[in-house]
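The next block holds one structure in the form of structure tokens; read it before the comments.
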Amino acid sequence: MTSFILGHYAYWFILLLLVIGLYGLIMKRNLVKKVIGMSIFQVAIILFFIASSTKWEATVPVLSGHQETIQTAAYINPLPHTLMLTAIVVGVATSGVAFALIILIYRRYRTLNEAELLKRMAEDDAE
Amino acid sequence: MMPSNTIPWPPLIYLFAGIFIPLAALKWRRLAGWLALVATAAAAFFSVVNLLRALDQGVISYRFGGWIPPIGIEYILDPLSGFVTTVINLIALGVLFHAHRSVEAEIRESRWPPYYALVMLFLTGANGIIMTGDFFNLYVFLEIGSLSLYGLIAVGEKKSPVAAFRYLVMGTVGGGFYLLGVGFLYLVTGSLNMGDVRNILFHLPVTPPLIVALTLMLIGLGIKMAVFPLHGWLPDAYTYAPSPTSAIMAPIGTKIGAYSIARIFFFIFGLKLITQVTPIAQVLAWLSAIGIIYGSILAMAQNEIKRMLAYSSVAQVGYIGLGLGLANSFGFIGALLHIMNHGLMKACLFLVAGNFRLRLGHSRIDRLDDSLRRSMPWSTAAFTLAALAMIGVPPTVGFFSKWYLALGAIEKKNWLFLMVILISSLLNAVYFFRVIERMYFRPVNSRQTSENLSETTSAEAREVGPWLLLPTLIFALALVVIGFLNVWIVKTILTKALPAVF
């Protein structure tokens, strides 16, 4: 049991990050903090993929010279890293759109606090 | 003679149009709408060609860059993906035809080129999701489509950025859950190619990580599809988005999630995994059943046509989920038929809502009265026809998808689901007749005409021009014509699109 917990320490850390991200996303009132939570959530997923590709006693997946047989156990799996390059780009784009929306919201309502925002939106309806 | 590699053309045409439109429209802004229309027409044409090929030859795989599938990315063309791309591209064509004028009316001129570019990117994502045979590729297209949608929503009225932000937060979490599910699946199977994963899973024992992967994917795609407890983003997004966005998002946006669930859970994971090992199909069916009733009841309480249609979408997506969750051939055919039918009905209804907004300046139900039937006879007629289709009156399309869903529920001997389908039709009738009653029978003088001077009264409104009217009427007509053609569609296309297990 202890070896299970210790052996997967990276995953526990990632799980913690995931929960922190979701907490920020749901509980924080400030829209910018929500975006921070969202970024943490995305980073946790990226780290999950990266952690899954590690192997003990393995090296970078670059072949030196011509080899007849390739020992797959001797190299780290490069696929998750390449996938996560795309996921990072998606994350950056999402944050960019989120901040653009936040600027728009601030210009229209002069607040980034969710409770205040809802109040001002309701006032608009009443008019 | 058609070139043989037309399979990836629909998403590629949209992608290049999305890049080309802002460049070409730098000088001539009016060009943007025309280019978008041409690109959509071309993509729709090639998706019809693809569908015919798929019906003729069965499953065809297209390899990108010539890489062999488990390594490279492949596109799968089978009757199912051919059918859904054809449906969404033809609907998009009609909606963009209508958008030509409604974008002019609702969106500032400097924003036309980026607006159309985003529409093109959204359709790239939609087509890519449907065609792709790779789990990670699906995620990328999902995010391409969603990111463009956030932008399309945010150009609407004052509250639209808030709605877009809410959708962004939920959509990103959905995408994240899906990606995490893909991660677990990759750890279990070591492959991202859908066909390859199916073959590997066939030999693998069921392990906890696999079940986690299934659950995470269901949550992620469920948010995109707006299944009942995950629908929170939908009503605001549909209501506050500009009319052309609502009209293109409502028929296509949620259907993509529904299609992905159908594709991944029924074709890749297989029936045993989702009905016996884990109760995923049952959970989907029950949540959808609750969503049908919940959406219909909330739709009755709305006072704004677009918001009512949004809640009605929650209910209608529930029909698709229910059909999939029944996990038998009738349910699956009903769900696929409803993907098409609901797309057509909602496109028609949102186009009419757009026409009302354009001519009346609002689409509030309590301000409609019977002068509308004289001033905008065609739009009100199209609305009524689409409303009858939503209720499920026989010669229209809505009846047939509900018919297959009901047959599926009977085959499963699940009388509760049958009741849900019947009761929800009744609820549909209630909330649509509220609007129809006001449009046709409420006398003019029952409201104060001077309450808001900036708004045109119904009596002063004119019928919209042919650019707006023609697509509205075509959709309305299609509801009846396709209703008559439904046996043919089910026989020639949908029975071939069923997963092999049924």
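The values are calculated or read from the model by the stated rules, or taken from the named source; none is laboratory data. A quick note: this is a predicted structure, and the numbers were derived from the prediction, not measured. Using ideal geometry, Cβ is built from the backbone for each residue, glycine included, and neighbour counts are taken over all protein chains shown.
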> Taking A:Ala58, is it facing chain B (nearest Cβ under 9 Å) and touching a helix residue (DSSP H, G or I) at 6+ places or on another chain (Cβ under 7 Å)?
Replying inline: no
>> One residue is enough: does the stretch B:104-116 have a residue meeting the conditions over 30 Å from A:Leu79 (Cβ atoms), among the basic types (Lys, Arg) and touching a Leu at 6+ places or on another chain (Cβ under 6 Å)?
In response: no
>> Which residue is nearest to B:Leu96 (Cα to Cα), if the candidates are limited to the stretch B:25-46 and must be among the hydrophobic types (A, V, I, L, M, F, W, C) and loosely packed, with under 15 Cβ neighbours inside 10 Å?
In response: B:Val38
> Which of the residues that make up the stretch B:462-478 are touching a Lys or Arg at 6+ places or on another chain (Cβ under 9 Å) and crowded, with 18+ Cβ neighbours inside 10 Å?
Replying inline: B:Val464, B:Leu468
> For the stretch B:355-377, does any single residue satisfy the condition of being within 17 Å of the chain's Cα centre (by Cα) and either under 19 Å from B:Ser243 (Cβ atoms) or among the hydroxyl-bearing types (Ser, Thr, Tyr) (or both)?
Replying inline: no
>> Contact list please: Cβ distance under 9 Å, first residue in the stretch A:92-107 and in contact (Cβ under 8 Å) with a residue 12 or more places away in the chain, second residue not in a helix (DSSP H, G or I), pairs at least six apart or on different chains.
In response: A:Ile102/A:Leu112; A:Ile105/A:Thr111; A:Ile105/A:Leu112
> Has the stretch A:77-84 got at least one residue that is closer than 22 Å to B:Phe184 by Cβ and away from chain B (no Cβ under 12 Å)?
Replying inline: yes
> How many residues does the stretch B:315-337 contain that are in contact with a Phe, Trp or Tyr (Cβ under 6 Å, 6 or more places away or on another chain), surrounded by fewer than 24 Cβ atoms within 10 Å (Cβ to Cβ) and among the small types (Gly, Ala, Ser)?
Replying inline: 1
> Looking at (1) of a type in the set (S, T, N, Q); (2) assigned to a loop (DSSP other than H, G, I, E, B); (3) farther than 15 Å from B:Gly128 by Cα, which is the only condition B:Thr6 fails?
Replying inline: (3)
> Any chance the stretch B:235-246 includes a residue that's in contact with an Asp or Glu (Cβ under 9 Å, 6 or more places away or on another chain), at the interface with another protein chain (Cβ under 10 Å from one of its Cβ atoms) and among the small types (Gly, Ala, Ser)?
Replying inline: no
> For the stretch B:64-174, which helices (runs of 4 or more DSSP H) that fit wholly inside it have 3 or more residues that are more than 13 Å from every other protein chain (Cβ to nearest Cβ), under 24 Å from B:Met225 (Cα atoms) and not hydrophobic (A, V, I, L, M, F, W, C)?
Replying inline: B:79-106, B:112-131
> Which of the helices (runs of 4 or more DSSP H) contained wholly in the stretch A:1-105 include at least 2 residues that are buried (at least 17 other Cβ atoms within 10 Å of the Cβ) and among the small types (Gly, Ala, Ser)?
Replying inline: A:9-27, A:31-52
>> Checking the condition crowded, with 17+ Cβ neighbours inside 10 Å, within 18 Å of B:Gly257 (Cα to Cα), modelled with pLDDT of 85 or more and not polar (S, T, N, Q), which residue from B:Leu80, B:Leu51 passes?
In response: B:Leu80
> Looking only at residues in the stretch B:219-270 that are of a type in the set (A, V, I, L, M, F, W, C) and in a loop (DSSP other than H, G, I, E, B), which one is nearest to the chain's Cα centre (by Cα)?
Replying inline: B:Ala226
> Which number in (1) under 21 Å from B:Val480 (Cβ atoms); (2) buried (at least 18 other Cβ atoms within 10 Å of the Cβ) marks the one condition that B:Val420 misses?
Replying inline: (1)
>> One residue is enough: does the stretch B:195-208 have a residue meeting the conditions surrounded by 23 or more Cβ atoms within 10 Å (Cβ to Cβ), modelled with pLDDT of 90 or more and closer than 25 Å to B:Ser288 by Cα?
In response: no
>> Which numbered condition in (1) more than 10 Å from chain B (Cβ to nearest Cβ); (2) at pLDDT below 90; (3) in a helix (DSSP H, G or I); (4) loosely packed, with under 12 Cβ neighbours inside 10 Å is the only one that A:Lys119 fails?
In response: (4)
>> What pairs come out if I take residues in the stretch B:311-336 that are aliphatic (A, V, I, L, M) and pair them with residues that are buried (at least 24 other Cβ atoms within 10 Å of the Cβ) and not in a helix (DSSP H, G or I) whose C-beta lies under 7 Å away, six or more apart or interchain?
In response: B:Val314/B:Ala226; B:Val314/B:His231; B:Val317/B:Ala226; B:Val317/B:Val227
> Can you find even one residue in the stretch B:483-492 that is of a type in the set (Gly, Ala, Ser), surrounded by 14 or more Cβ atoms within 10 Å (Cβ to Cβ), at pLDDT 90 or above and within 27 Å of B:Ser288 (Cα to Cα)?
Replying inline: no
